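Below is one structure, written out as structure tokens; the observations come after it.
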Amino acid sequence: MSNYKIGDILEGTVTGITKYGAFIKIDNEYNGLIHISEISTHFVKNVFDYLEVGENIICEVIDEDEKEKQLKLSIKNINYKLIPKYGKIKDTKNGFKPLQMKLPIWMREKLKELEKNIN
């Protein structure tokens, strides 16, 4: 039985970037690839303009190879940034820590809400 299905929205971490796309770690079992054609609805000249290694993102499953535990992923039709690429959060004693911890939760809730409105 498959862990994921087409259309699932997942969190992942960018583990590598090439000229043709980005590799994403989803969990201890599954990895995925976002092909350069699945990064934006506009022409993408350089994947590094959109993603960076170590960045946590939201992505959409567009295909799955259950046997190989590989996913084909897309970010071109969703707001994929969990934390802005520029102006990263800097903590003071407590500072932004509570917001940093809650942001992924709020984003997942909002994505679920948006998915319900689409369906």
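The values are calculated or read from the model by the stated rules, or taken from the named source; none is laboratory data. Only a predicted model underlies this, so the values are computations on that prediction, with no experimental measurement involved. Here Cβ is always computed from backbone atoms with ideal geometry, including for glycine, and neighbour counts include all displayed protein chains.
Can you pull out every residue in segment 13-31 that is of a type outside the set (Gly, Ala, Ser), touching a residue at least 24 places away in the same chain (Cβ under 8 Å) and assigned to a strand (DSSP E or B)? Within segment 13-31, 13, 14, 15, 17, 18, 24, 31 meet the criteria. The set of residues in segment 40-57 being farther than 11 Å from residue 12 by Cα, among the acidic types (Asp, Glu) and assigned to a loop (DSSP other than H, G, I, E, B) consists of 52 alone. Quick check on segment 58-86: of everything there that is in contact with a strand residue (DSSP E or B) (Cβ under 6 Å, 6 or more places away or on another chain) and part of a loop (DSSP other than H, G, I, E, B), which residue is modelled with the lowest pLDDT? Residue satisfying both the conditions and the ranking: 82. Condition check: exposed (fewer than 13 other Cβ atoms within 10 Å of the Cβ), over 13 Å from the mean Cα position of the chain (by Cα) and modelled with pLDDT of 85 or more. Does residue 29 satisfy that? So residue 29 passes the test.
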